[in-house]
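Structure first, commentary second.
FYI, it's all coordinate maths here, none of it is from the lab. Nothing here was measured: the structure is a model prediction, and the numbers come from that model. Using ideal geometry, Cβ is built from the backbone for each residue, glycine included, and neighbour counts are taken over all protein chains shown.
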Amino acid sequence: MKVIEKKAEGFVCDAPNTQASGEKGLALVKYLILGILFGIVFVKAEIISWFRIQEMFRLTSFHMYGVIGSAIVTGIISIQLIKRLGIKSISGEKINIPTKEFRKGQIYGGFIFGLGWALTGACPGPLFAQIGSGFTIIIITLLSAIAGTWVYGRFADKLPN
Amino acid sequence: MNQFIEWLSQPWPWYVAGPMIGLTVPALLILGNKTFGISSSLRHVCAICVPSGIPFFNYNWKKETWNLVFVLGILIGGFIATTFISNPNEIVIAAETQQELAALGITDFSGLMPSDIFSWENLFTAKGLLFFVIGGFLVGFGTRYAGGCTSGHAIMGISSLQWPSLVATIFFMIGGFLMTHVIMEPLMKLVGF
């Protein structure tokens, strides 16, 4: 039983919570605030726009490349600073960045997501911001994305990976 | 104050938005040892609502509540930005893209999303099936199969110098280019554009 549990835990999560101490209630408010800021940036930089994604794939605007590129550069610098300065989390834990193992799914799944990205003009984050912005029809897209996630989970062990 | 709101209401350039998004990575790490990734929220919804005894959805989702709170915040942020600091002018779209999209049958270039596609009237039509149902399904299925989306792979993964994330990101782009330049036109004709 222990082994099965361990395996299920190992399955988990591509964006894992590695904090040892638990968080409930008000402790979660900081993620709400961070999410709100993030949502505002999504709308104000027009990242939620289907047109901006079309421009990106049609190579007619630098905007999205600038956004993603400068986000990555900022991320690289931040993580290097955290590592080199040994910065700890606010609860005093050592910061832990899990390794992403290579799987074939990153190729097949990545390609499939790319097809959907161009159609919907949204990756999962912007879907939520689009709904908040009043494009309520995107609720259907979100429900379908949840269904897609479920179908992947159902057949995960049968797909090449 | 009014001037400040006016200034905020302009579309933000990439060199403001990109670094702000990048700073989410250290913010989540420092606030709570959390790894940036948004598509995981879809998996948590499955795990909570329809786990159906599937091992992939059998995990301690309570520990990942933060991720759902985070995406709820994104939704609220979208509401705030649109309600209080919305851009009063029409969106500026590259002329070439406008021409190409007009040739595909898009007529509305005034908002962030073309109403030709993204409206409730299209729900039970072939257009709705393609752009909402199939499009959404590909996003949800593909991101989980890939183990992440633009946030988890392109930003978090590449920022932490993990080559599998670079591979995933390259294939996101290949899929997107193929859809945009090859598949979309016949599909749009098929659904009545």
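Side notes on the structure shown:
- Number of the condition not met by B:Ser52 [criteria: (1) outside any helix (DSSP H, G or I); (2) in contact (Cβ under 8 Å) with a residue 24 or more places away in the chain]: (2)
- Note on the stretch B:114-193: enclosed helices (runs of 4 or more DSSP H) holding 2 or more residues that are more than 7 Å from chain A (Cβ to nearest Cβ) and farther than 29 Å from B:Ala102 by Cα are B:163-178.
- Residue, surrounded by the fewest Cβ atoms within 10 Å (Cβ to Cβ), within the stretch B:7-24, restricted to residues that are more than 17 Å from the chain's Cα centre (by Cα) and aromatic (Phe, Trp, Tyr): B:Trp7
- Of the residues in the stretch A:43-55, at least one is in contact with a Pro (Cβ under 8 Å, 6 or more places away or on another chain), surrounded by 19 or more Cβ atoms within 10 Å (Cβ to Cβ) and of a type in the set (Asp, Glu).
- The set of residues in the stretch B:82-103 being closer than 14 Å to B:Met188 by Cα and either at the interface with another protein chain (Cβ under 10 Å from one of its Cβ atoms) or basic (Lys, Arg) (or both) consists of B:Glu100, B:Leu101.
- A:Ile53 fulfils the conditions (1) within 19 Å of the chain's Cα centre (by Cα); (2) at the interface with another protein chain (Cβ under 7 Å from one of its Cβ atoms) except for a single criterion, (2).
- Selected residue (criterion: surrounded by the most Cβ atoms within 10 Å (Cβ to Cβ)) from residues of the stretch B:67-86 that are over 22 Å from B:Trp7 (Cα atoms) and in contact with a Leu (Cβ under 6 Å, 6 or more places away or on another chain): B:Gly73
- Among residues of the stretch A:148-158, those that are at the interface with chain B (Cβ under 7 Å from one of its Cβ atoms) and surrounded by fewer than 22 Cβ atoms within 10 Å (Cβ to Cβ), counted: 3
- Candidates in the stretch A:113-147 are the residues that are free of Cβ contacts under 8 Å to residues at least 24 places away in the same chain and among the hydroxyl-bearing types (Ser, Thr, Tyr); of these, the one that is farthest from the other protein chains (Cβ to nearest Cβ) is A:Thr136.
- A:Ile97 vs. criteria assigned to a helix (DSSP H, G or I) and surrounded by 14 or more Cβ atoms within 10 Å (Cβ to Cβ): no
- Only residues that are more than 16 Å from the chain's Cα centre (by Cα) and assigned to a helix (DSSP H, G or I) were counted across the stretch A:121-161, and they come to 18.
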